1. Taking Lys28 as the anchor, which aspartates and glutamates have their alpha carbon closer than 18 Å to its alpha carbon, excluding any fewer than eight residues away along the same chain?
2. Determine ³J(HN,Hα), in whole Hz, for all residues of segment 126-139 in sequence, where each value follows from phi through the Karplus function 6.51 cos²θ - 1.76 cosθ + 1.60 and θ = phi - 60°; x replaces Gly and Pro.
3. Given the whole protein assembly as supplied and a 1.4 Å probe, what does the accessible area of Ser177 come to in Å², nearest 10?
4. Mind listing P(r) for segment 105-159? All alpha-carbon pairs, 10 Å bins, whole percents.
5. Applying a 10 Å radius around every beta-carbon, put 140-147, 166-173 in order of their mean neighbour count, most first.
6. What order, most packed first, do the peptides 75-85, 7-17 have when packing is the mean number of other Cβ atoms within 10 Å of each residue?
7. Excluding ligands and nucleic acids, what accessible area in Å² is computed for Asp152 using a 1.4 Å probe, to the nearest 10?
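The values are calculated or read from the model by the stated rules, or taken from the named source; none is laboratory data. This structure is a prediction, so every number in the text was calculated from the model and none was measured. Note that each Cβ is placed from the backbone with ideal geometry, even for glycine, and that neighbours are counted across all protein chains shown. To get the accessible areas, we keep the full protein, side chains included, count just its heavy atoms, and leave off ligands, DNA and RNA. Shrake-Rupley method; radii C 1.70, N 1.55, O 1.52, S 1.80 Å.
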Amino acid sequence: MEVTSIVFWLVILALVIYVIAIYNTLVKLKNRYQNAFAQIEVQLKRRYDLIPNLVETAKGYMAHERETLDAVTTARNEAAALLKAIGEGGGSAPALADLAGAENALQGALGKLNVTMEAYPDLKASENMQQLSEELTSTENRVAFARQGYNDAVMAYNTYRQSFPPVVLAATFGHPSDAELLEFDDSPQIQAAPRVSF
């Protein structure tokens with residue numbers, strides 16, 4: 001009888017340790033994807049800080065391109081406001097989708113600005129403009145890397161949360177739903193193979 005009770009208590013202890021390990025892993029993975037989003041936030045804020053400098057530098061050369069400059073400024077302000085709202089606790093799926101849409105609009109406005117700048121050789125030759133453009137390009141690369149890290153962390157969290165037995169305990173431990181990937185409006189175009197014709 002004594003050996004049976006020892007085995008019973010060892011099994012109970014092993015189960016308790018296993019449940020604690022599941023809880024701790026869920027917390028660790030959730031913190032990891034939240035930190036990954038914070039990294040995106042840092043890079044986006046850096047980009048949002050660079051854009052006004054870029055626009056101000058371009059204004060002196062492109063006085064009659066006001067519409068393009070205003071579009072960049074408006075898109076930047078909208079994306080920054082959405083990022084701030086998410087940072088204040090609104091990280092829901094619709095908020096992430098809105099941020100992705102605002103980022104796409106900002107990318108489009110910046111692309112139009114780059115095309116417009118091609119018509120101004122003095123602007124392109126400006127050392128300040130070259131430096132700002134290089135910083136913006138570097139930041140774009142950092143943003144892309146941070147987005148990839150975020151989506152990887154979300155995938156790890158969701159995979160663990162959906163596996164058995166964590167799926168049985170996740171809601172009880174305060175993890176009722178999967179985390180949302182940061183997807184973009186142009187996702188189908190990105191995933192499609194590029195066409196090359198001669």
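1. Cα-Cα hits under 18 Å: Asp152, Asp178, Glu180.
2. 4, 4, 4, 5, 4, 5, 5, 5, 5, 5, 5, 4, 4, 5
3. Counting only protein heavy atoms, the figure is 70 Å².
4. It works out to 20, 38, 22, 13, 6, 0, in whole percents.
5. Taking the mean over residues of other Cβ atoms within 10 Å, the ranking is 140-147, 166-173.
6. Top of the packing list down: 75-85, 7-17.
7. Rounded to the nearest 10, that gives 80 Å².
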